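A quick write-up on the structure given underneath.
Just so it is clear, none of the values below were taken in a lab; they were calculated from the coordinates. Since this is a predicted model, take the numbers as computed values, not measurements. Cβ atoms come from the backbone with ideal geometry, glycine included; neighbour counts cover every protein chain shown.
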Amino acid sequence: MNETPLHLKAAPIVEAVLDIDCDMPLTMDVAALEAPARVEYGEQYPKFQPQFMQEFMFEAPAEGTAKVTKSSRGVQALQFLQDDGKQLVQVRAQGYSFNRLAPYGSLDDYLPEMERTWQLFTKIAQPVKIRTVRLRYINRLLLPLEAGRIELDEYLAHGPLLPSDTGLELTGFVHQHSAVEVGTGNQVHLVLAGQAPEQEKLPVIFDIQAFHSGDLEPSDWKGILLRVESLRRLKNLVFRKSLTEKCLNLFR
């Protein structure tokens, strides 16, 4: 089914992420990659911060209190940020990530930089095989309140519903579901969550993750790009079909 391209002057995107999860060399040590990664990414992404994971082992006797018997702390990711903090590249134990915070233009604006930084990642980390490509968009919809109230079904095509004739009024919601696109095998995970009202607006987080699991060679950027484009199409379709025209008009 062909869809007319959706052009929004003020897209509600607060963060967009490309994750490429990989099989990594068995001997890879993320911390040891810091020096070569600084060389490759440091000029364009001068700010650096490591991400750690803490692991604990507990002993739980039949009687008494459980106690920690062993703990370890290791580097799980190396984050390289631009000076303004709006764009970053991550070298992760599980692969590569490219994050872009608001203001966000179009995916086309960032594809050349994604390709460049991915090629640097393959040089640094030498991934063995690509397993999953994931495109995630976190949107923050500011829906107008009228006298502190809102009819959500005027803005959300598939919003939360309460049982009728109960006298209940909605005070908050979190809704999530997952689905697979039969024709492509692409999968999508959606989360809709209401936040506390602010300045006569109801913020609603609309988190869309579109992903595809299947082997690709790390050197096959064309294959990666085709997968990204397919996931973008699915993400755009889900975004458009999940919101009403009245809602979309808020961002046009």
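Could you tell me how many degrees, from 0 to 90 and to the nearest 10, lie between the Cα long axis of helix 221-242 and the main elongation axis, the longest principal axis, of the Cα atoms of the chain?
In the chain, helix 221-242 runs at an angle near 20 degrees to the longest axis.
Among residues other than Thr132 whose Cβ falls under 13 Å from its Cβ, what is the net charge (Lys/Arg +1, Asp/Glu -1)?
+2
Once the Cα atoms of segment 97-203 are picked out, what are the Rg and Dmax in Å?
Reported Rg and Dmax, both Å: 19.7, 62.
Within straight cross-link reach of Lys201, meaning Cα distance under 13 Å, which aspartates and glutamates are found once same-chain residues fewer than 8 apart are removed?
Glu146, Glu151
Among Glu43, Glu15, which comes first, then next, by fewest other beta-carbon atoms within 10 Å?
The order, fewest Cβ neighbours first, is Glu43, Glu15.
Where does the charge balance sit around Leu120 when Lys and Arg score +1, Asp and Glu -1, over other residues with C-beta under 15 Å from its C-beta?
Neighbour charge sum, excluding Leu120 itself: -1.
By how many degrees, 0 to 90 and rounded to 10, does the Cα axis of helix 107-125 deviate from the longest principal axis of the chain?
Long axis of 107-125 versus the principal axis of the chain: about 20 degrees.
What's the magnitude of the charge dipole for the chain around its Cα centre, counting Lys and Arg as +1 and Asp and Glu as -1 at the beta-carbon? Answer in Debye, nearest 20.
360
With springs only between Cα atoms under 10 Å apart, run a GNM on the chain and tell me which of Met53, Met114, Met24 wobbles the most.
With Cα springs under 10 Å in the chain, the top fluctuation among Met53, Met114, Met24 is at Met53.
Rounded to two decimals, what is Rg over Rh for the chain when you use alpha-carbon atoms and the Kirkwood radius?
Checking Rg against Rh, the ratio lands at 1.04.
Counting Lys +1, Arg +1, Asp -1, Glu -1, what net charge surrounds Gln187 among other residues with beta carbon under 15 Å of its beta carbon?
+3
Running a GNM on the chain with Cα contacts under 10 Å, which residue among Leu101, Leu162, Leu81 ends up with the highest mean-square fluctuation?
Result: Leu162 has the largest fluctuation of those listed.
Compare Lys47, Lys222, Lys129 in a GNM of the chain, Cα atoms joined below 10 Å, and give the one with the largest fluctuation.
Lys222
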